[in-house]
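See structure below.
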Amino acid sequence: MVIPNASSFGGFFLLGFSEQPLLEMTLFAIILVFYLLTLLGNMAIIILAHLDPRLHTPMYFFLTHLSLMDLCYTTSTVPQLLFNLQGPEKTISYGGCVGQLYVSLAMGSTECILLAVMAVDRYVAVCRPLHYTVLMHPHLCWQLAATTWLTGLVSSLVQTVLTTQVPLCGRNIIDHVFCEVPVLLKLACVDTTFNQVELFLVSALLLLVPLTLILISYSCIAQAVWKIESAEGRQKALGTCSSHLVVVFLFYGTAMATYLQPTADSFQNQGKFMALLYGIVTPTLNPFIYTLRNKDVKEALMKMIGEDFLKRV
């Protein structure tokens, strides 16, 4: 890729996989399909949860927020990525990079906390079923959702402001696919120890604390399920948790692999692929995991498709 007047350009150059044109063409087709599936799947979840009365429960209330986060996250990164993959121009404006950085950080941080909230919801549903509707009342659900969003948005604002204050001294060539804090700090022409320590502490807080809460919730759920005598009762209890547990492992597995990987140049392409897995594949799979493994969602989907078909004929 030729970069003309790189020093005079006010934005950034995202190199991505520019040295491998054939790979770029392949990735463009794959990512476009995944993005369309992400839009379709997550929008379907939101619409179904709104229209079907059977899905007006705390579990699906939080699921709609998860789908909204995935939509915001992918829309902040994928269109720009597709634009860069389809041609020789690999640019992104400064404002676009900062906006991408803020939204992706906010959605990632918010999702960490939301998955913990969903685990607590599953704990109450399995371990306190008789008190579930009383404990998880709509007002509390809205409070939890608002707190989750606010925490993620504020945390991202702090990270974004601190990152944009670091002087780059004209450096604007990013060897990555997205604008992220670690890759932007690599461009700095000053010592970034404070930023790196702060990023590590915030990442540890947002990743490890919710994950610990999730593990505690599911250990309590496992003990409760073990005490259920009937096989049917165990299967029903596990069925309410399996989809969420799969999403948790998928999200935290890719997130930790993304942020805890070595930073050596020999691992640069690996980091790019992990970013694609974390930022594109995971949001695509989430709605399908809930759809394919959840009887209520499948029935609601079939009902909506059936009614729409009958109206047309």
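The values are calculated or read from the model by the stated rules, or taken from the named source; none is laboratory data. A quick note: this is a predicted structure, and the numbers were derived from the prediction, not measured. Positions of Cβ are backbone-derived with ideal geometry, glycine not excepted, and every protein chain shown enters the neighbour counts. Side chains included, ligands, DNA and RNA excluded: accessible areas come from the protein's heavy atoms. Shrake-Rupley method; radii C 1.70, N 1.55, O 1.52, S 1.80 Å.
Scanning the stretch 115-132 turns up no residue that is under 24 Å from Thr282 (Cβ atoms), of a type in the set (Asp, Glu), within 17 Å of the chain's Cα centre (by Cα) and in a helix (DSSP H, G or I).
For the stretch 45-63, which residues satisfy the criterion of being open to solvent by less than 30 Å² (accessible area, probe 1.4 Å) and either assigned to a helix (DSSP H, G or I) or in contact with a strand residue (DSSP E or B) (Cβ under 8 Å, 6 or more places away or on another chain) (or both)?
Within the stretch 45-63, the first condition is being open to solvent by less than 30 Å² (accessible area, probe 1.4 Å), and the residues that meet it are 45, 48-49, 52, 55, 58-60, 62-63.
Those that are open to solvent by less than 30 Å² (accessible area, probe 1.4 Å) and either assigned to a helix (DSSP H, G or I) or in contact with a strand residue (DSSP E or B) (Cβ under 8 Å, 6 or more places away or on another chain) (or both): Ile45, Leu48, Ala49, Leu55, Pro58, Met59, Tyr60, Phe62, Leu63.
Return a yes/no flag: does the stretch 216-233 have any residue that is modelled with pLDDT of 90 or more, out of contact with any Lys or Arg (no Cβ under 6 Å at 6 or more places or on another chain) and open to solvent by 30 Å² or more (accessible area, probe 1.4 Å). Yes, the stretch 216-233 contains a residue that is modelled with pLDDT of 90 or more, out of contact with any Lys or Arg (no Cβ under 6 Å at 6 or more places or on another chain) and open to solvent by 30 Å² or more (accessible area, probe 1.4 Å). In the stretch 185-214, the qualifying residues are those that are β-branched (Val, Ile, Thr) and either surrounded by 13 or more Cβ atoms within 10 Å (Cβ to Cβ) or without any contact (Cβ under 8 Å) to a residue 24 or more places away in the chain (or both), and the one that is nearest to Gly95 (Cα to Cα) is Thr192. The selection criterion, being open to solvent by less than 20 Å² (accessible area, probe 1.4 Å), at pLDDT 85 or above, of a type in the set (A, V, I, L, M, F, W, C) and over 18 Å from the mean Cα position of the chain (by Cα), holds for Phe13.
Sort out which residues of the stretch 73-97 are of a type in the set (Val, Ile, Thr) and open to solvent by less than 30 Å² (accessible area, probe 1.4 Å), and write them in order of number. Walk me through how you get there before you give the answer.
The first filter runs over the stretch 73-97 and keeps only residues of a type in the set (Val, Ile, Thr), leaving 74-75, 77-78, 91-92.
Thr74, Thr77, Val78, Thr91, Ile92, listed by residue number.
Could you tell me whether any residue of the stretch 133-141 is more than 30 Å from Phe28 (Cβ to Cβ), modelled with pLDDT of 90 or more and crowded, with 16+ Cβ neighbours inside 10 Å? Scanning the stretch 133-141, I find at least one residue that is more than 30 Å from Phe28 (Cβ to Cβ), modelled with pLDDT of 90 or more and crowded, with 16+ Cβ neighbours inside 10 Å, so the answer is yes. Within the stretch 86-139, being among the charged types (D, E, K, R) and over 22 Å from Pro210 (Cα atoms) holds for Glu89, Lys90.
Taking interchain pairs and intrachain pairs at least six residues apart, which have beta carbon atoms under 6 angstrom, with the first residue in the stretch 71-88 and under 17 Å from Leu23 (Cβ atoms) and outside any loop (DSSP other than H, G, I, E, B) and the second open to solvent by less than 20 Å² (accessible area, probe 1.4 Å) and of a type in the set (Lys, Arg)? What qualifies is Asn84/Lys90. Cβ separations smaller than 6 Å between residues 6+ apart or across chains give the following pairs from the stretch 165-184 residues that are assigned to a loop (DSSP other than H, G, I, E, B) to residues that are open to solvent by 50 Å² or more (accessible area, probe 1.4 Å) and among the small types (Gly, Ala, Ser): Gly170/Ser7. Scanning the stretch 240-267 for residues that are at pLDDT below 75, open to solvent by 40 Å² or more (accessible area, probe 1.4 Å), hydrophobic (A, V, I, L, M, F, W, C) and under 28 Å from Tyr60 (Cα atoms) gives a single hit, Met256.
Checked against (1) within 21 Å of Pro58 (Cβ to Cβ); (2) outside any helix (DSSP H, G or I), Thr148 passes all but condition (2).
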